[in-house]
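Down below is the structure, laid out as structure tokens.
Read-outs: derived from the displayed coordinates by stated rules, not from any lab. No experiment lies behind these values; they were computed from the predicted model shown. FYI the Cβ positions are ideal-geometry reconstructions off the backbone, even for glycines, and counts take in every protein chain you see.
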There are 2 protein chains.
Amino acid sequence: MAGDITHAISNRVFELLRAKIVTGELRPNEPLIETDLAQLLDVSRTPIRESLQRLAAIGLIVPRRRGWAVREYTPAEVLGKFEVRIALEGFAAFLAAQRGTDDQLRRCKRIHEDRLTVEPGDEDRRISTNRDFHAAIIDAAGNEQLKEAIYETGRFYLNRPVVRSSTREEMALAHAEHAAIVDALLARDSQRAEREMRAHIRRTFLMFQRLEPGVHLA
Amino acid sequence: MAGDITHAISNRVFELLRAKIVTGELRPNEPLIETDLAQLLDVSRTPIRESLQRLAAIGLIVPRRRGWAVREYTPAEVLGKFEVRIALEGFAAFLAAQRGTDDQLRRCKRIHEDRLTVEPGDEDRRISTNRDFHAAIIDAAGNEQLKEAIYETGRFYLNRPVVRSSTREEMALAHAEHAAIVDALLARDSQRAEREMRAHIRRTFLMFQRLEPGVHLA
DNA sequence: GTGAACAATCTTGTATGCAGAAATGATTTG
DNA sequence: CAAATCATTTCTGCATACAAGATTGTTCAC
């Protein structure tokens, strides 16, 4: 969905509705009444309906017998989404180790080292450098479709859980895992890079999800 | 996008347009004129516009400065899409070996063995048993989100290339690869199952794609 | 008081109207 | 004859209209 040039109102509506869903302002199973939404956002039903189509396409709403409702995700389904991300981003690490340029991999390392200097309290930089690190690896994978697919999984969960501030221990753990990934990348060990990336994502997920018993990540 | 209950016309329009794109009837870069499409399918612009949103969401059309155009995929981009599928379906094999039930894995084996009896000329059964085999593994992975994601990649390319009839040698090769996957699954060797599945998909892709030099699958 | 039949009200699905931006093409000027 | 300017046409983006089906509420029979 890159390069949206037109659809000014429609895009704004889409993002607003998406935000209201992932933040929980529109609750799961809540029926979405077009006229209400139109009034709420002060537009006509047309851009509302177009946005609903897009929200359905990314799985945030589901069709009801009549109209749409916010999709309820069970913990198992959230886990499922995360496993998709594990598959995709792990493979990105695999590809990056295999065919990323030396420059690209050195850039991953540089971002990682830069991140080591972030103060524990500086949440903004902690988050942004983490995003940059993952983005650098995905870039190094050199597959735009894969990048889009990963980005798409992000649209689902990114804003969903509260972004908790992280402890010093948690940061040290993340640093160690990032270091392991960087090491594997520079060694061009694609399998190890994939393994480390999977473990890293799995752990960060487990950090802030309380799973039902019996549901486990691979 | 399961369980579409309403949107009767809209859904029909979506499928018709999708078919016209993947079959090439609507050519890449061809501008999509809403009024023309509406006239062609004998509906108003409204369901056309809603379908265009959905087509954009699955990557078949892209926004232009004005309106939409059929997205042109370069060979490298098609390759990119396939790599996404490799990542997802490989991971499905991984999960299947790890947590599929014995019943589910035996079913994979049974479908595989059943497929061995297919006559070389029987294209319908060759295709359907292959689909069943892959579906059985994806089912055994026990992740509905992953299944949906794999299915989604299919919406893009399935109808695209001509489904070539396959030689006796090609079938023997596919059988051998399927056997290797089944073997790894029953041995509960998840890493090997993933590796074999990746190799299998990679090879089937290479079979009917002529790649530009310099572009290689991982 | 409970349940069925029916009426009134919502809400959607589709069609159409309208203003403005973009593309097209004609006309003028150097 | 080429390029630029301006008028015309086309097409989109958003708003609104309308009918059919779904939902809700009410009345009436038992």
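Here the translational diffusion coefficient of chain B follows from Stokes-Einstein with Rh set to the Kirkwood radius across Cα pairs; for 25 °C and 0.890 mPa s it amounts to 128 µm²/s. Within 10 Å of the Cβ of each residue in B:60-69, the mean number of Cβ atoms contributed by other protein chains is 2.
The other copies place their B:GLU34 label points at 1.4 nm from this one, listed shortest first, where each point is 7 Å from Cα along Cα→Cβ. Compared with the dominant principal axis of the Cα atoms in chain A, helix A:102-115 is inclined by about 80°. For chain B, the longest principal axis of the alpha carbon atoms and the long axis of helix B:168-186 meet at an angle near 70°.
Using C-alpha pairs under 8 Å with a sequence gap of at least 6, the mean separation divided by the residue count of region A:8-70 gives a relative contact order of 42 percent.
Of the trypsin sites (Lys or Arg not before Pro) found in region A:1-68, the ones in coil according to DSSP and having at most 11 other Cβ atoms within 10 Å of their Cβ are A:ARG65, A:ARG66. The calculated pair-distance distribution of region A:8-70 uses every alpha carbon pair, bins of 5 angstrom beginning at 0, and gives 4, 20, 34, 29, 11, 1, 0 percent. Expressed per residue, the C-alpha convex hull volume of region B:64-139 stands at 147 Å³. Summed over qualifying helices (DSSP H, 4 residues or more, each -39500 (n - 2.57)) and divided by its residue number, chain A shows a 222 nm mean residue ellipticity of -22000 deg cm²/dmol. Take each residue in B:79-91, count the other chain C-beta atoms within 10 Å of its C-beta, and the mean is 6.
Could you tell me the ratio Rg/Rh of region A:101-157? Both radii from Cα atoms, Rh via Kirkwood. Computed over Cα atoms, the ratio is 1.03. Extent of region A:36-82 along its three principal axes (Cα atoms, max minus min coordinate, largest first): 36, 22, 17 Å. One quarter of the convex hull surface built on the alpha carbon atoms of the protein assembly as shown amounts to 22.7 nm², the projected area averaged over directions.
If packing is taken as the average number of other Cβ atoms within 10 Å across a peptide's residues, how do A:124-134, B:145-155 rank, most packed first?
Peptide ranking by packing, descending: B:145-155, A:124-134.
Mean sequence separation of contacting Cα pairs (under 8 Å, at least six apart), scaled by the length of region B:75-207, corresponds to a relative contact order of 42 percent.
Shielding value for B:44-54 is 3, the average number of Cβ atoms from other chains within 10 Å of each residue's Cβ.
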